[in-house]
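Student: Here's a structure for you.
What follows is calculated from the coordinates using simple rules that are stated; it is not laboratory data. Since the model is a prediction, treat every value here as computed from it, not as a measurement. Here the Cβ is made from the backbone with ideal geometry for all residues, glycine too, and neighbour counts use every protein chain on show.
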Amino acid sequence: MDWGAEGTAMLEQRLQQRPRLILIPPAILVLLIALSTVMFARAPGAQPREAVFDLFMRTAARPAADNPGVAIVDIDEESLAARGPWPWPRSALARLVDSAASAGARGVIIAVPVEGTDPLSPDAIAGFFPPDETTGPALEALSRLPTTNAALADAGRALPTAYGAGPSPAATTGWDRSDVGTTDWLTAGPNRTTEYVALPAAPVFSVVDPGFAETGMISVTSLPQDPDGIVRRTPILWTLDQRPVPAAGFAPFVMGDGTLHLGIASRQLRQDGAPPVEMTYGTDKLLRLDQRAGVRLWLPRELDLPTVQAWRVFEGGTWTTPLNGRVVFIGESVSPRSRVMTSRGEMTIAQVHAHLTEQLAAGVAPLRPGWSGMAEAFLAILAGLAAIGAAMYLKPGMVVLTSIAISLLTAAGFFALFGRTGMLLDPTPIAAAAIGAPLTILGVVIGNILMRDDALRGAFHGALPPQTMAKLQTRAGGRLLNGVRREVVVLSSRLRIPEETAEKFKSRPDDFIRFTAAANDALRRTILAHQGTVDFGEDGRLLAYWNVPEAIDHPVEKACACALRMIDDINSLSEDLQTAALAPVRNRGLDEGFADTSIEIGLASSTCFAGPVGRGNRNRYAVIGDAVGLASSLRRRATQYGPTIITDDVIFDALRHHYAFLDLDVLRLSTEEQPRTVYGLVGNPFLKASKSFRQLADIQRELVMNWRTGDLAKATLQLQRLRAIPGVPDVYVDLFEARLAKARGMDEDDQSTLVETITL
């Protein structure tokens, strides 16, 4: 908005008055921001905080290891093509484990859930069929075969193996007691004597075969999602059957040498025990845990990890060289449940856990401290007070700079703190207070200067589409009413009321205008329902525009659908003169002659200027360009051609394969040298598919083409065929008969002058 020097001086004067009441709204806003910051400081997945943290970790991604200690065996589409459809029996996973052991892998993590019974195991298959005299022996022999679970468990004897359990993606679960004394790899408490702790309950709902625990260990593959469906953090320890089990990404450290130790929160006792707050693992690495006994994923800048397709692992040889000396994650990427969304895009479960292993090997984990909410709330109050002071004492330009500076300095400081310490603090409450407080003051002072319903939106009420009007309710919507130049579809329509009916109302002009207004209002609602913008022209003409003020998808198709619906509206008025649209005049002696009312429509499209062409309540949205004049000219020719809707070649080219069009005539525009064909839109795709329409369309196309090329003999033949078709308007046939008769008396060189010219 351009206020000018006088308006700017008035605004500065109002701001510098420092009235007491003006401080109340921004103070309430700052306090609400501070309160919500404290309340939701520990809420997982809260926005926009998590989006800011995602940006931090993408910008300052951790460095990838030069020689990753992990590798991935991927069961992908090529592997399914070579070895059969998914799911595979667990005996196939056993063969992958054997191949990894032969390749020199240090350990294997099966990142495919293997809890419950394998439906492809021989005993499970035998249970699907009822035994009878013929199949009984075979089913009994099948049930005695070794199970696929036994084959997978036996394969785990060759090297340290972790068997996956738990669905993924999974929702966050509650806490459960975990007996530390049942393991030989974990201790807890200050003196390493705590017997049990509270850990997140593993979302495993099927029994895990005890044979897996005998030859390896159980690990949880589940990755809890935030409310927006993104995996950002995961517990590294879970409780399963009141025993601690690691996450799949933490399993390599459990399978290694040494004992892991949990530091517990002695002041956060719960029914299931005290939750852990830190863990010592590996070579005395200390890992701070979040409130869910987990860590936040911090993905590297380069996401590529050594990966071998499963079918190549089956073949062995040099294909398996990348597995040598590494912990191998066996996962699949062919089912929807095998993938999760992370802050860096979609990844497989095996990839996420492999990156978690690399992150823990580096000993890094971003952490949001427990005091973060109080610190952010305090800083938000300070920022709000500074912004309020600036708004009261400084000029508006300096207020904007102050708010932006506070926001940017806070974001930069928190980003630097994260880069140096891995500590995550949220700058959005401070920025919201710094920007929101002066905006609240400005809103109080200049609220009446902003877009008001009576000064701006009221002028366009009922003329712009509902979704555009909704955007105009906000400040951001003000740009919608700027002038634009783009491709616009223009519809020109006019009611055609019988002359004898109009004669009867010479003494009652008010009733005649009421009927016209009621009918146009029904058409206006139809235009708005099809995302069109409404305007009015001379002689009661109704105009409609598509693709302005907003650019929309498929504007030509919406305009054509609207035109066809407008014909239905007029037909409905003709069938029932007591419709709701005529409520203002139905009790004032409505004449039955109005039942013969019809409509004529022209459609054209070209690049035009568009925007408001008035001021205040006298404003209107209009389009200036060739399409407006062309649409009006085509509308006026509806009585000559017969079809109600006449379109230019741009409309025809866009929808020729979807809607039913007839070739009508060849016209030359005053702004162009070459003539162009105009068309009649007569129906939807169902009509286009009918045999009778195709016959009519072919004849008219030949007629217009021959007329355009000057082949009068063929044009005459097609015109005779056209006259024999029932329903073809006589005015259209008479028009071409007169043209052909005139052309026969002229030289061939002069026949080009017979093409009519439309002046725009």
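Student: Of ALA375, GLY273, TYR393, which is farthest on the positive side of the dipole of the chain, counting Cα position, with +1 on Lys and Arg Cβ, -1 on Asp and Glu Cβ, and the Cα centre as origin?
Tutor: TYR393
Student: Where does each of 178-189, 107-118 land if you order them by average Cβ count within 10 Å, highest first? Before the final figure, lay out each step's value.
Tutor: Working: 178-189: 18.0, 107-118: 23.6.
Put in order of decreasing packing, that is 107-118, 178-189.
Student: Add +1 for every Lys or Arg and -1 for every Asp or Glu among the other residues with Cβ under 13 Å from the Cβ of GLN47, and state the total.
Tutor: On the way: positive: ARG49, ARG232; negative: GLU50, ASP54, ASP226, ASP228, ASP426.
Summing Lys and Arg as +1 and Asp and Glu as -1 gives -3.
Student: Taking the 0 to 90 degree range and rounding to the nearest ten, how far is the long axis of helix 90-102 tilted relative to the main principal axis of the chain, both from C-alpha atoms?
Tutor: 60 degrees
Student: At a Förster radius of 60 Å, what calculated FRET efficiency corresponds to the Cβ-Cβ distance of GLN720 and GLU550, to the nearest 0.05? Working shown, then result.
Tutor: Values: r = 49 Å, r/R0 = 0.82.
Computed FRET efficiency for GLN720 and GLU550 comes out at 0.75.
Student: Say the dipole of the chain comes from +1 at the beta carbon of Lys and Arg and -1 at that of Asp and Glu; which of VAL197, TYR659, LEU408 then lies farthest toward its positive end?
Tutor: LEU408
Student: Between ALA713 and ALA741, what is the spin-label point distance in nm, taking each point 7 Å from the Cα along the Cα→C-beta axis?
Tutor: 2.3 nm
Student: Can you give the extra length, in nm with one decimal, that the chain gains between ALA64 and ALA470 once fully stretched, where that is 0.36 nm per residue apart less the Cα-Cα distance?
Tutor: Working: separation 406, 0.36 × 406 = 146.16 nm, distance 4.78 nm.
141.4 nm is the gain from fully extending ALA64 to ALA470.
Student: At a threshold of 8 angstrom on Cα-Cα distance, excluding pairs fewer than six apart, so keeping six or more, what relative contact order does the chain reach in percent? Write down the numbers at each step before the final one.
Tutor: Working: 1370 pairs, mean separation 89.5, N = 760.
The normalised contact order for the chain reaches 12 percent.
Student: At 0.36 nm per residue, and after removing the present C-alpha to C-alpha distance, how many nm does the segment from PHE609 to SER206 gain when stretched out fully? Display every interim value, and only then the final one.
Tutor: Details: separation 403, 0.36 × 403 = 145.08 nm, distance 6.64 nm.
Between PHE609 and SER206, full extension yields an extra 138.4 nm.
Student: Related question: 222 nm [θ] for the chain, helices only, -39500 (n - 2.57) per DSSP H run of 4+, per residue, to 500?
Tutor: Numbers: 26 runs with 305 residues, N = 760.
Helix-only estimate at 222 nm: -12500 deg cm²/dmol.
Student: Also: Where in the stretch 382-407 does the amide nitrogen come within less than 19 Å of the point 7 Å from the Cα of VAL444, taken along Cα to Cβ?
Tutor: So the set is 382-397, 399-400, 403.
Student: Go through LEU120, GLY181, SER335 and say which Cα lies farthest out towards the positive end of the charge dipole of the stretch 70-361; charges sit on Cβ, +1 for Lys and Arg, -1 for Asp and Glu.
Tutor: The residue sitting most towards the positive pole is GLY181.
Student: Taking Rh as the Kirkwood radius computed over C-alpha pairs, what is the Stokes-Einstein D of the stretch 623-684 at 25 °C in a medium of viscosity 0.890 mPa s, expressed in µm² per second?
Tutor: Numbers: Rh = 12.0 Å.
Approximately 204 µm²/s, per Stokes-Einstein.
Student: Roughly how many nanometres apart are two label points built 7 Å out from the Cα toward the Cβ at ILE28 and MET423?
Tutor: Here the answer is 3.5 nm between the modelled labels.
Student: With semi-axes √(5λ) of the Cα gyration tensor in Å as the read-out, I listed [x] 94, 28, 25; [y] 71, 43, 23; [z] 53, 41, 17; which label goes with the value calculated from this structure?
Tutor: [y]
Student: Once you have the Cα-Cα distance between MET398 and LEU385, take 0.36 nm times their residue separation minus that, and quote the gain in nm to one decimal. Mind showing how you got there, number by number?
Tutor: Numbers: separation 13, 0.36 × 13 = 4.68 nm, distance 1.54 nm.
The MET398-LEU385 span can extend by a further 3.1 nm.
Student: Let me ask something else. Tell me, what is the FRET efficiency for ARG485 and ARG620 to the nearest 0.05, using R0 = 22 angstrom and their Cβ-Cβ distance as r?
Tutor: Working: r = 18 Å, r/R0 = 0.83.
With a Förster radius of 22 Å, E is 0.75.
Student: Separate question: For a label point 7 Å from the Cα of ALA158 along Cα→C-beta, name the residues of the stretch 329-364 whose backbone N is under 18 Å from it.
Tutor: 329-331
Student: State, to one decimal in nm, how far the label point of ARG496 lies from the label point of MET705, with both points 7 Å from Cα in the Cβ direction.
Tutor: About 2.9 nm, to one decimal.
Student: What is the local net charge at LEU80, summed over the other residues whose Cβ is closer than 14 Å to its Cβ (Lys, Arg +1; Asp, Glu -1)?
Tutor: On the way: positive: ARG83, ARG312; negative: ASP74, ASP76, GLU77, GLU78, GLU332.
Neighbourhood net charge equals -3.
Student: If you take every residue apart from GLY316 with its C-beta less than 12 Å away from the C-beta of GLY316, what net charge results, scoring Lys and Arg +1 and Asp and Glu -1?
Tutor: Numbers: positive: ARG95, ARG312; negative: ASP98, GLU315.
Charge balance near GLY316 sits at 0.
Student: What's the angle, to the nearest 10 degrees (0 to 90), between helix 730-744's Cα axis and the longest principal axis of the chain?
Tutor: Between helix and principal axis, roughly 70 degrees.
Student: Once both axes come from the Cα atoms, what is the angle between helix 396-421 and the longest principal axis of the chain, in degrees from 0 to 90, rounded to 10?
Tutor: That works out to roughly 30 degrees.
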